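A.B. asks: One structure coming up, written as structure tokens, with questions to follow.
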Amino acid sequence: MRRGTRPRMGDRATSDVVVRLRTPEGRDEWLYCHSAVLAAGSKYFADRLSDAWPTCQILDSRYCVEVHCAEPDLSSHVTALRLLYADEPVSRFGVRGALALLQAAEHLGCPRIAAACADYIESAPWDEADEEEILAAAPFLAPQHGRLLARLRPIDPAPAAGIFLSAFRHATSAAAPRELKSAAQEQLEYMLTEDDDAPLLAFDDDSVKSQVKDCVTGLLNRFSDFVSSALTKQKEAPCSGGDDGEPQQELHSFISDISWVCQVLSKLEMMKYLVIYWLGASSHVVEVVEAACPGFDCLKTRLKVIEISAKVLEAAAFSNIVLPAEKRCHAVNVWIRFAGRTKALVDQADVGDGDAETPKIGLDGEVWQGLESAIVSIVLTLPSNTQAEILSEWLQSKHACFPDLTEAFDTWCYRSKVARTRLSFLNNINEAP
């Protein structure tokens, strides 16, 4: 070899060592190398080629060093050996290629190559397959490469709460672009979803819930202003209801946002605030919706209102939210009528659509069932005379098919018939001297 000329792997004329890569499957790779290059870049070869290590002289007095590796790792070991001869320790092999090379470099004790691979992997974008490969390899990597997992580690509570609140403000803001608002709503819902993994956040901090409540208050206040303005315009020009598409779109936007907030508050166990607001505003909400969506127009908006009302009434019926009888009575009266009209419109739309390939407009059956169960439960909490008034109106309605109050009717009949007997002790108390 001429002075100043860099040796090349595979040059049999100048090589003084053969590296034999062997796999359990019996595959061999013979590489003609140079002991000085190997020892300088690899601790493994430095040890094997030292005077203290017994060697086997074969092939015209050249040293032979065996390296055992798994079949899938053979090519990355070859690459690691080639890079010992390169000016730059590593080229860009893609994340998974660099990861395989990193593992080979660690096996051969090549710190320069391993560090270059780790630097590249740490700075490169990953897809999901890359992440799975990195997680699988992580337990076998040297401790100094733990930084590769930095972007995959669980986030600390403080920044997690910060990003949640920032996203929640966008999700409930009137000024946020629709794309940003939709993305924020989607990701926040995912963060709170209980699936195979635990929810991303645990809301033990009252200050976080307080800020969530402030955002919801702002949304509901804007909605109240919209409802008041719409009702005022309706009184001034009653014949124009439903003709202008802009109020319909604004109404649908508000209802969609409140529907999403309803889901989030349910997961945060903060439904009480929305229940009190929604039941108090029920009459005005229904009046605005009926004016803006008189028939089949904006049926999706009506169904969103049904979704909200179902969750609100379920919370009122089955949770620890205590409401006066007058509010419970008013709420079920309003939503029995609206639910009956909306269900009839949905059934008519499904029957009238002759195209079997067109998706039908409707809700999951569990929503209707949940609404019906909540209404029945609330009706049965009311005084018997109030129940009689509600049931009488329901029986006379042309929409008596939904909600089905038969269970409430049966219970009312039984209670009414046995009332005198069951409460006879009251007569004895009244007749006592």
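A.B. asks: Looking at S35, S42, S50, which is the one that is of a type in the set (S, T, N, Q), out of contact with any Gly (no Cβ under 7 Å at 6 or more places or on another chain) and crowded, with 16+ Cβ neighbours inside 10 Å?
C.D. replies: Criteria check complete, one pass: S35.
A.B. asks: Only residues that are more than 22 Å from the chain's Cα centre (by Cα) and among the charged types (D, E, K, R): list them for the stretch 297-315, please.
C.D. replies: Answer for the stretch 297-315, where residues must be more than 22 Å from the chain's Cα centre (by Cα) and among the charged types (D, E, K, R): D297, K300, R302, E314.
A.B. asks: Kindly indicate whether V216 is modelled with pLDDT of 95 or more and of a type outside the set (F, W, Y).
C.D. replies: Values: modelled with pLDDT of 95 or more: yes; of a type outside the set (F, W, Y): yes.
When the stated conditions are applied, V216 passes them.
A.B. asks: Which of the residues belonging to the stretch 118-170 are of a type in the set (F, W, Y) and closer than 30 Å to Q103 by Cβ?
C.D. replies: Result: Y120, W126, F140.
A.B. asks: Quick one: how many residues across the stretch 131-161 are closer than 26 Å to L192 by Cα and not in a loop (DSSP other than H, G, I, E, B)?
C.D. replies: Summing the residues that are closer than 26 Å to L192 by Cα and not in a loop (DSSP other than H, G, I, E, B) in the stretch 131-161 gives 12.
A.B. asks: May I pose another question? Name the one entry in A104, A86, A116 that is surrounded by 17 or more Cβ atoms within 10 Å (Cβ to Cβ) and out of contact with any Pro (no Cβ under 7 Å at 6 or more places or on another chain). It would help to see each step written out before you state the result.
C.D. replies: Working: A86 fails: surrounded by 17 or more Cβ atoms within 10 Å (Cβ to Cβ); A116 fails: out of contact with any Pro (no Cβ under 7 Å at 6 or more places or on another chain).
Among A104, A86, A116, only A104 is surrounded by 17 or more Cβ atoms within 10 Å (Cβ to Cβ) and out of contact with any Pro (no Cβ under 7 Å at 6 or more places or on another chain).
A.B. asks: Name the single residue that is modelled with the lowest pLDDT among those in the stretch 237-267 being among the hydrophobic types (A, V, I, L, M, F, W, C) and either surrounded by fewer than 16 Cβ atoms within 10 Å (Cβ to Cβ) or more than 19 Å from the chain's Cα centre (by Cα) (or both).
C.D. replies: The qualifying residue modelled with the lowest pLDDT is C239.
The values are calculated or read from the model by the stated rules, or taken from the named source; none is laboratory data. Predicted model, so just to flag it, every value in this text is computed and none were measured. FYI the Cβ positions are ideal-geometry reconstructions off the backbone, even for glycines, and counts take in every protein chain you see.
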